[in-house]
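All of the numbers you see were taken from the coordinates with simple rules; none came from a lab. Nothing here was measured: the structure is a model prediction, and the numbers come from that model. Cβ sites come from the backbone with ideal geometry, for glycine too, and all protein chains shown count toward neighbours.
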Amino acid sequence: MLVNLGNKTTVADGELDLLKIASVLQDENILISEWSLHAREKMEMLDEAEIKGYKDELQRQFPNWEWSVQSSEGHSEAVAVLKHESKTETIKILSTPIKDQYQTYVIYEVKGQGWNQKVEENLPKRIADRITDIFRGNATTFSCIKGEFNDKIDKTLPLEMKHLLAVFKAKEVEALKEDAFISSSAYSTMFSESVEAGEKEMNVQLGIRNQGMGGKTTIVVGTPIITIEY
């Protein structure tokens, strides 16, 4: 499926989409196993000095992060990583030469294992601060959560998907159905980011996988698309 990024917003606008997804899954008695928020910005064309200045500025702002820089045939990748408790934060500055300037992408990602009240309380301010400190313009954000159903689901996968789409106030745009796996791309009024799927817009994806006899049933939900492997 070919998708194009739609409108851009910052995570500072209202409640975090990540928290909206977590709230719905918890209400459905689904145990959250991992989560991630990914934000990125395509910057205006920069020259080499401007990129170096931007990297130096971020290194001054985040001196306790582990920084590394790799270059090959003009391509440059600066990466900073900070690990704390069950969370990992990453900043990437990716630059590709085009004539005398560089096409540059800035990426911020935070991901973690499990979910508790401390994460829920601390995450919004941390992410809002990071977005403000790292990006110069509006960043496009992707939120994703993976979880497990606490009990054996008593519905078929299509019926469970239909129920979850209703809970997320979403209208299905595309679907994929297999014996032990089902996924849906849909549009929900709960989320602001969106991408184009053909001629339609979508802003949430759900995937449910049944691990077989005695196995767990897992779910991944992402907005506007899934970014965790499933």
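Could you please find all residues in segment 30-73 being among the polar types (S, T, N, Q) and under 19 Å from the mean Cα position of the chain (by Cα)?
Step one: of segment 30-73, the residues among the polar types (S, T, N, Q) are 33, 36, 59, 61, 64, 68, 70-72.
Across segment 30-73, the qualifying residues are Ser33, Ser36.
Note on segment 191-230: enclosed strands (runs of 3 or more DSSP E) holding 2 or more residues that are over 17 Å from Ala170 (Cβ atoms) are 204-210, 217-223. Does Lys152 count as without any contact (Cβ under 8 Å) to a residue 40 or more places away in the chain, out of contact with any helix residue (DSSP H, G or I) (no Cβ under 7 Å at 6 or more places or on another chain), surrounded by fewer than 19 Cβ atoms within 10 Å (Cβ to Cβ) and farther than 19 Å from Ile228 by Cβ? The answer is no for Lys152. Taking each residue of segment 165-179 that is at positive phi and of a type in the set (D, E, K, R) and looking for partners that are assigned to a loop (DSSP other than H, G, I, E, B) and exposed (fewer than 14 other Cβ atoms within 10 Å of the Cβ) with beta-carbon atoms closer than 7 Å, six or more apart or interchain, yields Lys169/Thr189.
In the list Phe168, Phe142, which residue meets the criterion of being in contact with a Pro (Cβ under 8 Å, 6 or more places away or on another chain) and either among the aromatic types (Phe, Trp, Tyr) or within 30 Å of Gly214 (Cα to Cα) (or both)?
Values: Phe168 fails: in contact with a Pro (Cβ under 8 Å, 6 or more places away or on another chain).
On inspection, the qualifying residue turns out to be Phe142.
Across segment 184-201, what is the number of residues that are without any contact (Cβ under 8 Å) to a residue 40 or more places away in the chain and either crowded, with 16+ Cβ neighbours inside 10 Å or among the small types (Gly, Ala, Ser) (or both)?
Here is the first cut: in segment 184-201, the ones without any contact (Cβ under 8 Å) to a residue 40 or more places away in the chain are 184, 186-189, 199-200.
Applying the additional criterion that residues be either crowded, with 16+ Cβ neighbours inside 10 Å or among the small types (Gly, Ala, Ser) (or both) yields 184, 186-188.
Adding up the residues that qualify gives 4.
Per-residue answers, yes or no, for (1) closer than 30 Å to Phe62 by Cα; (2) in a helix (DSSP H, G or I):
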site	(1), (2)
Glu121	yes, yes
Arg130	yes, yes
Ser143	yes, no
Leu165	no, yes
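The C-beta contact set for segment 20-32 (first residue touching a residue at least 24 places away in the same chain (Cβ under 8 Å), second residue in a strand (DSSP E or B) and of a type in the set (Asp, Glu), distance under 8 angstrom, 6+ apart or interchain) comprises Ile30/Glu148; Leu31/Glu148.
Among what's in segment 27-69 and is part of a helix (DSSP H, G or I) and touching a helix residue (DSSP H, G or I) at 6+ places or on another chain (Cβ under 9 Å), pick the residue that is nearest to Gly147 (Cα to Cα). Please lay out each step first, then the result.
As a first pass, look at segment 27-69 and keep what is part of a helix (DSSP H, G or I): 27, 48-61.
Filter again for touching a helix residue (DSSP H, G or I) at 6+ places or on another chain (Cβ under 9 Å), leaving 27, 58, 61.
Numbers: Asp27: 13, Leu58: 34, Gln61: 34 Å.
By that ranking, first place goes to Asp27.
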